[in-house]
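In what follows, a structure is listed as C-alpha cells, so that the remarks can point back to it.
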Amino acid sequence: MAVLSDRDIKKAIRTGRLKITGINPKKITVASVDLSLGREFRVFKHSEVTHIDTKKGIREELTELIKIPKGKSFTMHPGEFVLATTKEKIKLPNDLMARLDGRSSLGRLGIVIHSTAGSIDPGFEGTLTLEMTNISKLPVVLWPGLKVCRLTFETLTSPSEKPYNKRKESKYSHQKGPMLSRIEKEN
C-alpha cells in the first residue's frame, strides 16, 4: 500500500475517483486532507440512561441531536463524550481506504477527536461520525467549520472484492450526521 501525496489526492478528486463534497482545495496538505467540524452533535441524556446493553444498543430518544445555528458554538465539558460529524461528505473508490486522525492542536487542549475505528473502508460513502471526548479539566468551545481532523489515503494492492457499500453487514453506509452505534445488529 502507498499513501497518496497532495498531487495524487488532487488528481483523484479532479478525475472523480475520490469524492469529497464541500472540500476547500486549501485543505489539501502534503499527504492528507483536513476536514471541518459539522453543525450536528449527538449528546447522551445521562440522567435517563442507566447503562447501554450491547445486545440491545441504544435508542435514539436517549440522546439529543443538537444542531448549532450559524455563528454559534458548541461547548464540550470535561469528561463529556459526544458524537459529532464532519461538514464534508466523502466517497471512496473500491481500491482506496482512508485513515482519520485528530488534530494535534485540539489534542493539546484535551479534545480527543476519534476514540476508535479510525480507518474508513473502500466503498464507504457519507459524512464521518466523530467520537469526541474532552479529557481536560476545562470546558472547550468548538466552532462548526473548525479544522477538526485529517484523512490520509492509501491505495490497495487491488480493488476490494466486496467494498463497504456492497456488504450486507455494513451498518453505517450513506450516513448523514452523527450516527449512533448499531452494535446490536452484530448479534
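Every number here is computed from the coordinates shown, using simple stated rules; none is lab data. Remember, it's a predicted structure, so these values are computed and weren't measured experimentally. For neighbour counting, all protein chains shown are included, and Cβ atoms are generated from backbone atoms with ideal geometry for every residue, glycine included.
Quick notes on this structure:
- Angle in degrees between helix 6-15 and the longest Cα principal axis of the chain, rounded to the nearest 10: 80
- For the chain, the equivalent ellipsoid derived from the alpha-carbon gyration tensor has semi-axes of 28, 22, 14 Å in decreasing order.
- Restricting region 13-107 to trypsin sites (Lys or Arg not before Pro) in coil, as DSSP defines it, with at most 15 other Cβ within 10 Å: R17, K45, K55, K56, R59, K70, K72
- Considering only alpha-carbon pairs that sit under 8 angstrom and 6 or more positions apart, the relative contact order computed for region 2-186 is 30 percent.
- When Rg and Dmax are taken over the Cα atoms of region 1-104, they come to 17.7, 50 Å.
- One chain, two ends: K70 and D8. Fully extended at 0.36 nm per residue, the span grows by 19.0 nm beyond their Cα-Cα distance.
- Shape of region 46-121, Cα gyration tensor, a/c cut at 1.5: oblate
- Kirkwood hydrodynamic radius (C-alpha pairs) into Stokes-Einstein, region 84-136, 4 °C and 1.567 mPa s, D in µm²/s: 108
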